[in-house]
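As structure tokens, the structure follows; a few thoughts come after it.
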Amino acid sequence: MIEVKRLTFNHNNENTYVVSDETKDCIIIDCGCYNSSEQYILASYIEGHNLHPTRLITTHCHLDHICGNGFAMRRWGIKPEAHVDDEYLMGIAHYQALALGIDEEGMEMPDIDCHLKHGDKIHFGNTELIVLHTPGHSAGSIALYCPKESKIFTGDTLMRLSMGTYRLPGGDQEQMVQSIKECLFDLPYDVLVFPGHGEVTTIGYERANNKEVHKPIEKTVHRRKFGFKH
């Protein structure tokens, strides 16, 4: 049985998850600890519970979800894993920082060490998660699904009564709605959804109540440029 610890970090109230099982192995999903006090909170939880971080998984490479990757790599020797289609976002961290109001000075931004793709299996301890490619919020957005535990980590694709913005580089409303309807909403109703921001929900509740998913598709999307053409 897995245990999920949610820690909310940085200016954007981003959810970082530490997911562990009975072996004490764990993974960190979306390491968003921004400053030394937040790094202390993350380390205190992991080391206070005698957990052993084995992997560092990123659902998408927006800065508020990766600003703690350098700390995690230094502390536990784990390197970032993400979808290849989000790799370009690592190269525009400066523009992301300006847009998100995050001070990037002194922030270490390690490159993606392992490219994840749809259908990949992520193992730690006795646990297996399945990678689902869910583009729309970003081109390389992924979700991490644990069928055995009926849990899914959706990043900024699906949130409680909402979904992530599609007005950032690589974002696409039609693609995001398709990802949600054809990939996530196809899961069992009782699956617990752990989003990148906000509270835990379920697939069934979102299928019945999430009006954002059913809004008309915009004909023109004016994406924030982050100072470059994309």
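The values are calculated or read from the model by the stated rules, or taken from the named source; none is laboratory data. Not measured: the values here are computed from a predicted model. So basically every Cβ, Gly included, is an ideal-geometry build from the backbone, and we count neighbours across all protein chains shown. Side chains included, ligands, DNA and RNA excluded: accessible areas come from the protein's heavy atoms. Shrake-Rupley method; radii C 1.70, N 1.55, O 1.52, S 1.80 Å.
Some observations on this one:
- Tabulated pairs, the stretch 1-18, first closer than 13 Å to Met159 by Cβ, second assigned to a strand (DSSP E or B) and charged (D, E, K, R), C-beta under 6 angstrom, 6+ apart or interchain: Asn15/Arg6
- Taken over the stretch 97-108, residues that are open to solvent by less than 50 Å² (accessible area, probe 1.4 Å) and either under 19 Å from Ile57 (Cα atoms) or touching an Asp or Glu at 6+ places or on another chain (Cβ under 8 Å) (or both) amount to 4.
- Counted residues, the stretch 157-191 - those being part of a loop (DSSP other than H, G, I, E, B), open to solvent by 10 Å² or more (accessible area, probe 1.4 Å) and in contact (Cβ under 8 Å) with a residue 40 or more places away in the chain: 9
- Residues in the stretch 76-95 that are surrounded by 16 or more Cβ atoms within 10 Å (Cβ to Cβ) and assigned to a helix (DSSP H, G or I): Trp76, Asp85, Asp86, Tyr88, Leu89, Met90, Ala93, Tyr95.
- Scope the stretch 126-143; condition within 15 Å of the chain's Cα centre (by Cα) and not in a loop (DSSP other than H, G, I, E, B); matching residues: Leu129, Ile130, Val131, Leu132, His133, Ile142, Ala143
- With respect to the stated conditions, His123 is open to solvent by 10 Å² or more (accessible area, probe 1.4 Å) and not in a loop (DSSP other than H, G, I, E, B).
- Count - residues of the stretch 3-21 that are of a type in the set (A, V, I, L, M, F, W, C), farther than 14 Å from His52 by Cα and open to solvent by less than 10 Å² (accessible area, probe 1.4 Å): 1
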